[in-house]
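Have a look at this one before I ask anything.
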Amino acid sequence: MTGGAGFIGSHIVDALLAREDVAEVRVLDNLFSGSLSNIQPYKSNPKFTFIEGDIRDLEACINASKGIDAVTHQAAVGSVPRSLKDPVTTNAVNVGGTLNVFEAARVNNIKRVVYASSSSVYGDSTEMPKREENIGKPLSPYALTKSISEQYAQVFNRLYEIDFIGLRYFNIFGPRQSPNGPYAAVIPLLIEAGLKGKAPVFYGDGSQSRDFTYVANAVQANILALYTDNKNAVNQTYNVAVGKRYTLIELYAAIQKAMNVNVAPVIQGERMGDVKHSLADINKISTLLGYTPLVLLEEGLDKTISWSK
């Protein structure tokens, strides 16, 4: 897998290594946003192999995937604001790197690739909830790279008979998600502010809403996608979410209640490229892959806050 030392990727590693039918979990990661601490518990596990390398290096991708049965591709340069500041690197990793992963699968005759896409592909679509077949125009370079990755998967499937499953993540959160750096996600930032008793920053008035999804749900989706034998379930893209949205104000209220803090946020202007509202229709993934959300927002926040403390 790629990105296995990262936030979501390392949780997938946990789940795969726990399975008796897995002989080896091989991780390729350049540690750009991942951390060795996330995979430290498995260094002595004979089923685990770590390769430090970059998906922009085709040879590294080919060598890392030799003898592998399936690939889960999690490596990416995340963050809409980061992509606005540095679209070239975002494209090089998310498009060029993804193409390398797909090409390595072709060279090594791998028959299934599960890859991380994003709810950002819905772009300027105002449809609510978001349904997989209806996407809008991308609002950021990051969103465009994820849309292109989905198109590459379709082309590779038609030309090379590789099965692909794309997972459109909706605001995944949970333990191991870092609050550090200028492009950190909102939930770890709000929890970090609560731990320090500081005021968090809201970009916009707080009415923007998201389908916040605990990481265990993303792990479940990946495992189901890797192992499904439903022929109708492959060569599809799926929303990975809960199917319920919360405004930023509601989210912060839940975090303050859980942490017993009361600090008013600092309001700043809206950020370019941000989607105002996001809510997933999860009927397709539930029907074809048997997915059902395992952990809802309140429980997920409790788990994440406990880990952060």
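Please give the charge dipole size of the chain, origin at the Cα centre, charges +1 on K and R Cβ atoms and -1 on D and E Cβ atoms. Round to the nearest 20 debye.
Working: 30 positive and 30 negative charges, 65 e Å.
I would put it at about 320 debye.
Further, regarding this structure: Please grab the % of Cα pairs in the range 255-309 that end up more than 13 Å from each other.
On the way: 1137 of 1485 pairs.
Counting every Cα pair in the range 255-309, those more than 13 Å apart make up 77 percent.
I'd like the antiparallel share, as a percent to the nearest 5, of DSSP beta bridges with both residues in the chain.
Details: 2 of 32 bridges.
Beta bridges within the chain, antiparallel portion: roughly 5 percent.
Within the range 91-142, report the chymotrypsin sites (Phe, Trp or Tyr not before Pro) that DSSP leaves as loop and that have at most 15 other Cβ atoms within 10 Å. Present the calculation step by step, with values, prior to reporting the outcome.
On the way: sites: 102, 115, 122, 142; in loops: none.
The qualifying sites: there are none.
Treating only the Cβ of Lys, Arg, Asp and Glu as charged (+1, +1, -1, -1), what charge dipole size does the range 101-177 show about its Cα centre? Round to the nearest 20 debye.
Values: 10 positive and 8 negative charges, 40 e Å.
Using only the charged Cβ atoms, the result is roughly 200 debye.
Can you pull out the GluC sites (Glu not before Pro) in the range 113-188 whose DSSP state is coil and whose Cβ has at most 11 other Cβ atoms within 10 Å?
Working: sites: 127, 132, 133, 150, 161; in loops: 127, 132, 133, 161.
Sparse-neighbourhood loop GluC sites (Glu not before Pro): 133, 161.
Which value, in Å³ per residue, describes the convex hull spanned by the Cα atoms of the range 217-264?
Working: hull volume 4.7 nm³, N = 48.
Convex hull of Cα atoms, per residue: 98 Å³.
Here's something else I'd like to know. Test of understanding: express the Cα radius of gyration of the range 180-309 as a ratio to 2.2 N^0.38 Å, with N the residue count. Mind dumping the intermediate values first?
Values: Rg = 16.6 Å, N = 130, 2.2 N^0.38 = 14.0 Å.
Dividing the Cα radius of gyration by 2.2 N^0.38 Å gives 1.19.
Based on the Cβ-Cβ distance from residue 207 to residue 307, what FRET efficiency comes out when R0 is 25 Å, to the nearest 0.05?
Details: r = 29 Å, r/R0 = 1.15.
Here the calculated transfer efficiency is 0.30.
Based on the Kirkwood radius over alpha-carbon pairs, what value in µm²/s does the Stokes-Einstein equation return for the translational diffusion coefficient of the range 140-257 at 4 °C and 1.567 mPa s?
Stokes-Einstein gives a translational diffusion coefficient of 78 µm²/s.
Hey, another quick one. Counting other Cβ atoms within 10 Å of each Cβ, which trypsin sites (Lys or Arg not before Pro) in the range 27-90 have at most 10 and sit in a DSSP loop?
Details: sites: 43, 47, 56, 66, 82, 85; in loops: 43, 47, 56, 66.
Those that pass, being in a loop and sparsely packed, are 43.
Would you mind pulling out the separation of the Cα centroids of the range 1-36 and the range 242-258, in Å?
What the calculation gives is 29 Å, centre to centre.
Just want the answer: with Cβ charges of +1 for Lys and Arg and -1 for Asp and Glu, which residue in 223, 255, 213 is farthest toward the dipole's positive end in the range 174-257?
Among 223, 255, 213, the one farthest towards the positive end of the dipole of the range 174-257 is 255.
Could I ask something else about it? Expected output is a single nm value to one decimal: the length gained when fully extending between residue 124 and residue 107, i.e. 0.36 nm times separation in residues minus the C-alpha distance. What is it?
Values: separation 17, 0.36 × 17 = 6.12 nm, distance 3.66 nm.
Between residue 124 and residue 107, full extension yields 2.5 nm more.
Can you compute the radius of gyration and Dmax for the range 1-142, using only the Cα atoms, both in Å?
16.0, 49
Once you have a ≥ b ≥ c as the square roots of the Cα gyration tensor eigenvalues for the range 167-210, tell me rounded if a/c is under 1.5, and otherwise prolate or oblate according to whether a/b is larger than b/c.
Values: a/c = 2.07, a/b = 1.18, b/c = 1.76.
The shape class here is oblate.
Bear in mind these aren't lab numbers, they're just calculated from the coordinates by the rules spelled out. These numbers were taken from a predicted model, which means no experiment stands behind them. Cβ sites come from the backbone with ideal geometry, for glycine too, and all protein chains shown count toward neighbours.
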